[in-house]
Structures are given as C-alpha cells and as structure tokens.
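As structure tokens, the structure follows; a few thoughts come after it.
The values are calculated or read from the model by the stated rules, or taken from the named source; none is laboratory data. Predicted model, so just to flag it, every value in this text is computed and none were measured. Glycine gets a Cβ as well: all are built from the backbone with ideal geometry, and neighbour counts include every protein chain shown.
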C-alpha cells in the first residue's frame, strides 16, 4: 500500500513538474503591449491582436491613448513596471525624449523587410530608434458630388484664390443648397491636431524651403504665417460652425458633417478613407486636393506626404518581451492577415510583402507627383516639445477665433513658443 501511495505521489510530482515546465515555456515566449496612438484604428488593432494570439499563443495587449493625449499617456506608461513593449516615436522631438527607451532595430528581421529607409528615425549616435511602418498624405478632402451639385468642379480649384471663390459661393448659398463649404474647424482636443499640426505645416514648410532648412532649427521666423491666416480665416468663415462654437467642436462632429453631406470640404488625411467609405460614402465621390493657402507658385503643389507612424521597441523590457514584440511586428508586415489590415487602415507600407491599398487618396497623391507637382513634406516633424507647442498654438487660435483676439498672439505662440521649447529641450 505504501508503495502504491509512493508511486501515486511520484506521478503527481511528475505531472506537477510537467505543468510548471509548460508554464515556464509559455512565459519564455514573452508578451506584447502596444500603446496605439490612432483612436480610429483601435477596433482593427484589437481584432488583429486577437488573431495573432489565437495563432501563436502569445498575448498581445493593445491600449489606445485618447486623441491628443499620446505623449502624456506614453510618459506615464513607461514609468510603470508593465510598460509598453511597442510604441510610437514619430519625430525628432520624440527621439530626443524617448531615445533611451528605444531598442536598436538595426539588423532585426523587421528592418530586413523594408523597401526604403526614408521614414526611419535615428538618434545622434546612429541608433535606429523607430521604423516608419506606413506613409500618409493629407490635404482637403472633397465630396465631388456636392461640389458638382453646387455647380462647380475640381478643375476650377488650382490655388487659394480659386478655392476661396468656390467656398465663398457655396457658403453664400448654403441654405439653398442644403450644405456648407467646410466642416467645422474644431479646436477640441479630438480635432485641434488637424490645425496645430497639419495646417501649421504649411507656413513651416514654405519657410524651411525658402531658407533651405535641413535639420530642426532652434528658432523660426514665421515668415509665411499670413498663409496660415488665409486658410484658417476661410475655414472659420465659410462653415456652419463659426466663432466660439469652433473652440468646442470635435473631430467626430467634423467627420459626421462630411459623410452626412453637410459640407463639401474637410481637411483631413488618407487615414479617413476607410472610415468614410464604411459610413456609406462612395470612393468615386471622394477626392483630395492640396491645402492651398496663397503661396507663390502653389498651382504646382501636391499633397502633404510623410509619416509620424513609426514603431519603437522598449529597450527596458525583458528579453523575452522584446523578442515577442519583434516577432509580432515582423508578422504584421509579412502575414496575409497583418498586411491586409495594414493596407486597409494605413495605406501604403514600405515593406516587401505590403498589400496594395484601395485608398483613392494615395492614387491622387501619386497623380500629383507624376504630373510634376512638388510634395509638401512634413516640416512639423521638427516641432520641439510637440504637445506643448501645439497647445500654445491652439490657445492662441481659440482666442483669435472666439473672442476676436489679435493674430499677433498666434504668431507669438508659433515663433516665441518654438524658441522657448527648443531651448528647454536643449538646456
């Protein structure tokens, strides 16, 4: 009897050790924690994370930061024991802030899938801090059906003067037409990045181009801020949302105004294509034109193209979690499921196995380039302390728009704010 009990105990011990060994092997796989900065892609990320876990057994956690709160959320999350293993480092300022957290991606299988190095970010020592996983374009999205219903066509719009003429006409006849020219230029945090980041690119781009700036400058002059004022004034005049209402208008409201047919023009980017078509808009009715603002020779401008979509891996994570994260990133750009999701959500991706996107905005970006138009590159990637600088610009825009404040305050936020934050970053 004692012998039987001993055998049973031995068997229990063997099975227990086997179970522990299995648990240990699973633990050695590591896990992935991705801090996503695109709220509009959250649903797609949650779905693809589930698919990957089902296929590999590796846990993938996706947390999406609130719109306009990514930098603050990332700083807080990186201080935690269970910090993100995969996150965004999308511009020079972010490299300076988070470079120490970035694992060197040189030589990784993920890097080996790239077709170009053009969108990657390095630190001062040459460490590959983050890899651009897609590139995007933005401009003014047009509902061609509404434009034609108002008696106009895309061919009419070739510069700021012609854009303003068409917008003024639509706005003047808004009650008759049943729609206005522009969607709301909301300064709520869910929308303000379109103007403190993307629209602000216009004066920055033309200043840096004129001055042959090739690296982040310590100061800017604001030479072309009149161009910014031109287009901002048009947005807040030829719209159903004006004055103080602009300050609290949200990104969702602007998007809804567009897909519900309440406005013909909507400043946004290629990432909106999936959402707009899912909500019933026809691809054939959509077009994207450059952000015309009154620059000399802008008839030859193309769309604003570039990226802030760059993945970094947390160098402070465990070796197992780093390997798990690199494997997940590699799978995203090589598997059928991953490449399909990437193409649908982000458009063209610079990887060997990238799927071809159906997004018409990218075809239009290519058409402008093929016609010899210049690409308006993303000068705002050089913004120092980007969230703080943009917050200052938004505050100044709000005062100007809601209270009839001075445009000088906007220039001050732009120019003085840049110098102050650059000096702080480099103290």
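Quick rundown of the values:
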{"quantity": "Filter result (touching a strand residue (DSSP E or B) at 6+ places or on another chain (Cβ under 9 Å) and at pLDDT 95 or above) within the stretch 13-50", "calculated": "31, 32, 33, 34, 35, 36, 42, 45, 46, 48, 49, 50"}
{"quantity": "Matching residues in the stretch 329-347 - criterion: being over 24 Å from residue 268 (Cα atoms) and in contact with a helix residue (DSSP H, G or I) (Cβ under 6 Å, 6 or more places away or on another chain)", "calculated": "329, 330, 331, 332, 337, 338"}
{"quantity": "Candidate set from the stretch 365-374 (those that are surrounded by 17 or more Cβ atoms within 10 Å (Cβ to Cβ) and under 16 Å from residue 299 (Cβ atoms)); member that is nearest to the chain's Cα centre (by Cα)", "calculated": "368"}
{"quantity": "Check on residue 137, over 29 Å from residue 398 (Cβ atoms), under 21 Å from the mean Cα position of the chain (by Cα), touching a residue at least 12 places away in the same chain (Cβ under 8 Å) and in a strand (DSSP E or B)", "calculated": "no"}
{"quantity": "First in the stretch 161-190 and within 23 Å of residue 244 (Cβ to Cβ) and not assigned by TED's automatic domain parsing to the domain that holds residue 398, second anywhere and at pLDDT 95 or above and not in a loop (DSSP other than H, G, I, E, B), Cβ under 6 Å, 6 or more apart", "calculated": "none"}
{"quantity": "Residue within the stretch 128-139 that is in contact with a strand residue (DSSP E or B) (Cβ under 9 Å, 6 or more places away or on another chain) and surrounded by fewer than 18 Cβ atoms within 10 Å (Cβ to Cβ) present", "calculated": "no"}
{"quantity": "Matching entry among 149, 145, 66 (being at pLDDT below 95, under 30 Å from residue 261 (Cβ atoms), in contact with a helix residue (DSSP H, G or I) (Cβ under 8 Å, 6 or more places away or on another chain) and surrounded by fewer than 19 Cβ atoms within 10 Å (Cβ to Cβ))", "calculated": "66"}
{"quantity": "Some residue of the stretch 110-123 being closer than 23 Å to residue 246 by Cβ, in a helix (DSSP H, G or I) and without any contact (Cβ under 8 Å) to a residue 40 or more places away in the chain", "calculated": "no"}
{"quantity": "Considering residues of the stretch 384-427 that are in a loop (DSSP other than H, G, I, E, B) and touching a residue at least 60 places away in the same chain (Cβ under 8 Å) only, the residue farthest from residue 197 (Cα to Cα)", "calculated": "426"}
{"quantity": "Residue ranges of strands (runs of 3 or more DSSP E) in the stretch 262-351 with at least 3 members surrounded by 20 or more Cβ atoms within 10 Å (Cβ to Cβ) and touching a residue at least 24 places away in the same chain (Cβ under 8 Å)", "calculated": "263-269, 301-306, 310-313"}
